[in-house]
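**Q** Here's a structure for you.
Every read-out reported here was derived from the displayed coordinates using simple, explicitly stated rules and does not represent laboratory data. Just so you know, these numbers come straight off a predicted model, no measurement behind them. FYI the Cβ positions are ideal-geometry reconstructions off the backbone, even for glycines, and counts take in every protein chain you see.
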Amino acid sequence: MNNVILRYAQAGRRLQSSMEQQPPVQPFERAMIEQVLQYDIPVLHPLAVHFPMALLLAAALSAVLWSVRGTGFWRRCTLWLLTLGMGGALFAYFTGDALEEQVEGTPIVEELVGFHEDMALYTLIVAGVALLALAGLSVWLERRITLERDVPDPIVARVAITVFVVAAAVLVAWTGHIGGVMVWGQ
């Protein structure tokens, strides 16, 4: 037993002495962080657009699972994802004007920015309708007193709301594609 303790103590001393022999250098990470922090991001729109895309696409997947399963779990998941996606879409929509002013005069932007704005507005409308319908249904279902807990949510409501959520996901993907063409197109 004492041999084991002695070996651990010797290994610890060797490790400590090897660490003391290394010269102190500024870590690579600190230099990179300082380099990144010297730049400003003039507009938030390029950062904001990723959240509604991811969240509304995830909401569509969740809505499809809800329409198949009919459980309150998937309804609540869809509600949360749709709520967060709608919030992100509103933020992205309202930060777009600042970016538009900055890139004004670029031919591809001038050609597509109106279409991009229209698609973003349609996305907000469709996602908003889906959110209001799903929130209303959720309130109604949560307040409804039932003796049977394992009753699935009404199929007609599930399918109708899922159509709107999937439409919002398709619209946000199309809106993002148009935005990508404006940034990366030739």
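**Q** Enter the per residue convex hull volume of the range 45-184, computed from alpha-carbon coordinates, in Å³ rounded to the nearest integer.
**A** Values: hull volume 11.7 nm³, N = 140.
Normalising the Cα hull of the range 45-184 by residue number yields 83 Å³.
**Q** In addition: For the range 44-186, with the dipole built from +1 on Lys and Arg beta-carbon atoms and -1 on Asp and Glu ones, taken about the Cα centre, which of I108, V183, S67 lies farthest toward the positive end?
**A** Of the listed residues, the answer is S67.
**Q** Continuing with this model, one more query. State whether the range 72-133 is rounded, prolate or oblate according to the following rule on the C-alpha gyration tensor (a ≥ b ≥ c being the square roots of its eigenvalues): a/c under 1.5 gives rounded; otherwise a/b larger than b/c gives prolate, and the remaining case gives oblate.
**A** Taking the square roots of the gyration eigenvalues as a ≥ b ≥ c, the range 72-133 is prolate.
**Q** Compute the distance in nm between two label points, each set 7 Å from the Cα along the Cα-to-Cβ direction, one at W140 and one at Q35.
**A** 5.8 nm
**Q** Given a Förster distance of 22 Å, report the FRET efficiency between A160 and A54 from their Cβ-Cβ distance, rounded to the nearest 0.05.
**A** 0.35
**Q** Would you kindly state how much longer the chain becomes between V43 and F115 on full extension, computed as 0.36 nm times their sequence separation minus their alpha carbon distance, in nm to one decimal? If you can, show how the numbers build up before the last one.
**A** Details: separation 72, 0.36 × 72 = 25.92 nm, distance 2.04 nm.
The span from V43 to F115 would gain 23.9 nm if fully extended.
**Q** Applying the Karplus parametrisation 6.51 cos²θ - 1.76 cosθ + 1.60 with θ = phi - 60° to the phi angles of the range 44-58, what ³J(HN,Hα) value in whole Hz is obtained for each residue in order, glycine and proline being reported as x?
**A** 8, 4, x, 7, 6, 5, 6, 5, x, 4, 5, 6, 6, 5, 5
**Q** Going by C-beta contacts inside 10 Å, put H50, H45 in order with the fewest on the left.
**A** H50, H45
**Q** ³J(HN,Hα) across the range 176-183 via Karplus (A = 6.51, B = -1.76, C = 1.60, θ = phi - 60°), whole Hz, x for Gly/Pro?
**A** x, 5, 4, x, x, 5, 5, 7
**Q** With θ set to phi - 60°, apply the Karplus curve 6.51 cos²θ - 1.76 cosθ + 1.60 along the range 106-115 and write out the HN-Hα couplings as whole Hz, x wherever there is a Gly or Pro.
**A** Calculated HN-Hα couplings, in order: 6, x, 5, 5, 4, 6, 10, 5, x, 5 Hz.
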